[in-house]
1. Among the residues of region 40-90, which ones are among the charged types (D, E, K, R), exposed (fewer than 15 other Cβ atoms within 10 Å of the Cβ) and without any contact (Cβ under 8 Å) to a residue 60 or more places away in the chain?
2. Of the conditions (1) buried (at least 22 other Cβ atoms within 10 Å of the Cβ); (2) assigned to a helix (DSSP H, G or I), ASP475 fails just one. Which one is it?
3. Inspect all residues belonging to region 305-317 and state whether any of them is under 30 Å from ILE453 (Cβ atoms) and outside the structural domain of LEU386 (by TED's automatic domain parsing).
4. Tell me, yes or no, whether region 528-547 has at least one residue that is in a strand (DSSP E or B) and in contact with a strand residue (DSSP E or B) (Cβ under 7 Å, 6 or more places away or on another chain).
5. Over 29 Å from TYR359 (Cβ atoms), more than 22 Å from the chain's Cα centre (by Cα), of a type in the set (Ser, Thr, Tyr) and assigned to a helix (DSSP H, G or I), is that true of SER452?
6. State the number of residues belonging to region 251-275 that are within 18 Å of ILE292 (Cα to Cα) and within 27 Å of the chain's Cα centre (by Cα).
7. Mind listing whichever residues of region 508-524 are touching a residue at least 12 places away in the same chain (Cβ under 8 Å), surrounded by fewer than 17 Cβ atoms within 10 Å (Cβ to Cβ) and among the hydrophobic types (A, V, I, L, M, F, W, C)?
8. I'm trying to understand the selection: among the residues of region 230-281, which are of a type in the set (S, T, N, Q) and assigned to a helix (DSSP H, G or I)?
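The values are calculated or read from the model by the stated rules, or taken from the named source; none is laboratory data. Predicted model only: the values in this text are computed from it and were never measured. Glycine gets a Cβ as well: all are built from the backbone with ideal geometry, and neighbour counts include every protein chain shown.
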Amino acid sequence: RLSDISAIILASNHSSAQKFAAEQLAHHVSSATGISLKIIVEDSSIPSSCFVLGDHPAIKRLAPEIDVPSLGDDGFWIVARAGCIVIAGSGTRGTIYGVYSFLEQCLGIKFLAPEVVHVPRVDPKLGVDEFTRKELPAFAYRAITYLEAMDPDFCPTQKINLSPFAEPEKGGSYRFSPGKMTHTFYALVPPDKYYNDHPEYFSLVNGERLQALGQLCLTNPDVIHIATEAVIKWFEEEPDIMTVGVVQNDWTNYCQCERCQQVDRGNPARTLLSFCTAIAAAVKNRFPGKFIHTIAYTYTENFPADWNGKLPDNMIVVVCNMYPYRSNKPIDGDPMNVRYHENLLGWLKIARHVFVWHYFVDFTHYLAPYPIWKTIAADLKKYRALGVEGVLLQAGIGLGVYQELQELKMWVFHKLLWNPDLDLAVLVHEFIKVYYGKAAPLVHKYIDSLMSIEDLPEVSLHLYVGLEGNHITKDWVIQCQAWLEQALEIVKDDPAVSERVEKALLGIDYAYLFMPVEYDVVMGKIKPVDLDRRKRILARFVATAEKFKIKSHGEQVPISAFLDRQAFICQEHNVLAIAELAPLVYKMMKSMLDKVKAHADEKHYFKENDFAVSALKRGFNPLELVGFMTAKRFAVYEPGVPDNWHRWLDVETTRKLLNPPVP
């Protein structure tokens, strides 16, 4: 019985992380049962009934089958036997993970979100049957890039070990530095420092060495030396980071000089790998156990089939499932995904360490329903079977960013990153039941309906899908709103659960608002058919967005533009005035699109503003275009800003970029 246990035993050489594990165990056992557990540091004389944590010497006697070194940093082994409960694990994270797993599986405690821990009342006389459980992670490195998921208190409860914010006493992580992780070429060899005297360090494109929006000349010996020295400096500045990035900038314009073309032989990934292997060799002995990583992304996605031998063992290749890719179909389950799947298999042949950067988001509409749940669950099993070492699920990240059903997705996919064999439907049900309380049955209707969309043959999603995925209809949205409105009424006297339902409703309200609008024309005035309903939904959406400090509804797109457009739509307007404006708007937009497309690179394809394009496709509704003009937003990177591109382009910026200027 739990009540027979009075102490938690740590070895005298316990780590700070193992001490933290003991404190967490004592705290949560007390919260659930009222039992007070002492934490005792003792190597030899231990009570007959106790918790024994970490790599304590008594484990050899109490559970001789346990081999702590075989568990690595993250694995754990729990044995309940003869009055004692052993939770064995390393001095880094394994013991902590074992404690949280015991609390979840034996006491029913659930760590649902950073500020939400469900602690049921447990009878202190609860009997703990004898059992043994050994768990090792499916992937050595695991992360989802929600900002909340990187909370240093929340990470260890979720068994997530890639974070820039993790604290050593709470298990730490395989740390990376955000500024040294992706698109680092200009950080390694800054144009501001070198371009004026050495333009040859930078990519030659169409006969010109580029100072901005370019890459490096990767075959230049000086560039290799400067970049190597930068990597050395980065490791010295942050000795606890596991890896630094040697990663192309986030656009194309790779070097076309004769030397680079000789190495490329039609595939720029060859030049990138030659560059990276030179740096990896130079830093290997100086920083044992450290890695450099590069990202197979856009123009370097294709693996070089004729690469001779394996890449260095201190080098990681991170493979991205970039567009074109059908996100609601498995990696080997759709013609659009063939290239990515073949590339992944190729990278696994030549790289000793392969991570996957799997997109988990619609970058154009963070808040909109995006049903890829079953696909991600299936893909994680495939990644494990192929031997992928690490998986990073890319969500939107940043202050003021929130994505639909974020808490639910975060909890469920943290579990599946640890063990892809867990049942997705069971996990979803488990979370909803506890997190949404009395509202759970109605929320479940919504989630079940949302997940069923994923399998429809006409649905085709990708990371910039916008309105074109065929996954949302107005009738479906209205039905889901009705379920969640009923749920909100049921829990109106429970403020905490009400807020959770409000967040769930936020995404479906967003979907209602951003869909094409039907209009009436009466007495020379044009207005939405659903004006009263639309005003009510917009007011609710604005109130919820403000309450939760949501500032963005797409990648680097402020929510203010969306709200301004919605406010404009929720008014009556003079038909003649708008009709006169529409041709001018069309002329301006068409001219701008044509000219920007002519200048856009092969990666971006110029992603037009969803609202304007949808209006054109649906009959060029003048009110849609007036709303669009209020925002004046198109969509491509901003020129002249090194290593940073934006998914919008306003009139002023376009005039700077294009010559002759647009009307």
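1. Start the filter on region 40-90 by keeping residues that are among the charged types (D, E, K, R), which leaves 42-43, 55, 60-61, 65, 67, 73-74, 81.
Next cut, exposed (fewer than 15 other Cβ atoms within 10 Å of the Cβ) only: 43, 60-61, 65, 67, 81.
Across region 40-90, the qualifying residues are ASP43, LYS60, ARG61, ASP67, ARG81.
2. Status for ASP475: all satisfied but (1).
3. As a first pass, look at region 305-317 and keep what is under 30 Å from ILE453 (Cβ atoms): none.
Checked against the condition, which is being under 30 Å from ILE453 (Cβ atoms) and outside the structural domain of LEU386 (by TED's automatic domain parsing), region 305-317 yields no hits at all.
4. Here is the first cut: in region 528-547, the residues in a strand (DSSP E or B) are 528.
So of that shortlist, the ones also in contact with a strand residue (DSSP E or B) (Cβ under 7 Å, 6 or more places away or on another chain) come out as 528.
Yes, that holds for at least one residue.
5. Numbers: over 29 Å from TYR359 (Cβ atoms): no; more than 22 Å from the chain's Cα centre (by Cα): yes; of a type in the set (Ser, Thr, Tyr): yes; assigned to a helix (DSSP H, G or I): yes.
Here the answer is no, as SER452 does not meet what is asked.
6. Step one: list which residues in region 251-275 are within 18 Å of ILE292 (Cα to Cα), which gives 269-275.
Next, only the ones that are within 27 Å of the chain's Cα centre (by Cα) stay: 269, 272-273.
Qualifying residue count, region 251-275: 3.
7. If the condition is that a residue be touching a residue at least 12 places away in the same chain (Cβ under 8 Å), surrounded by fewer than 17 Cβ atoms within 10 Å (Cβ to Cβ) and among the hydrophobic types (A, V, I, L, M, F, W, C), then MET515, VAL521 are the ones that fit.
8. If we filter region 230-281 for residues that are of a type in the set (S, T, N, Q), which is where we start, we get 243, 248-249, 252-253, 256, 261-262, 267, 271, 274, 277.
Selection gives GLN261, GLN262, THR271, SER274, THR277.
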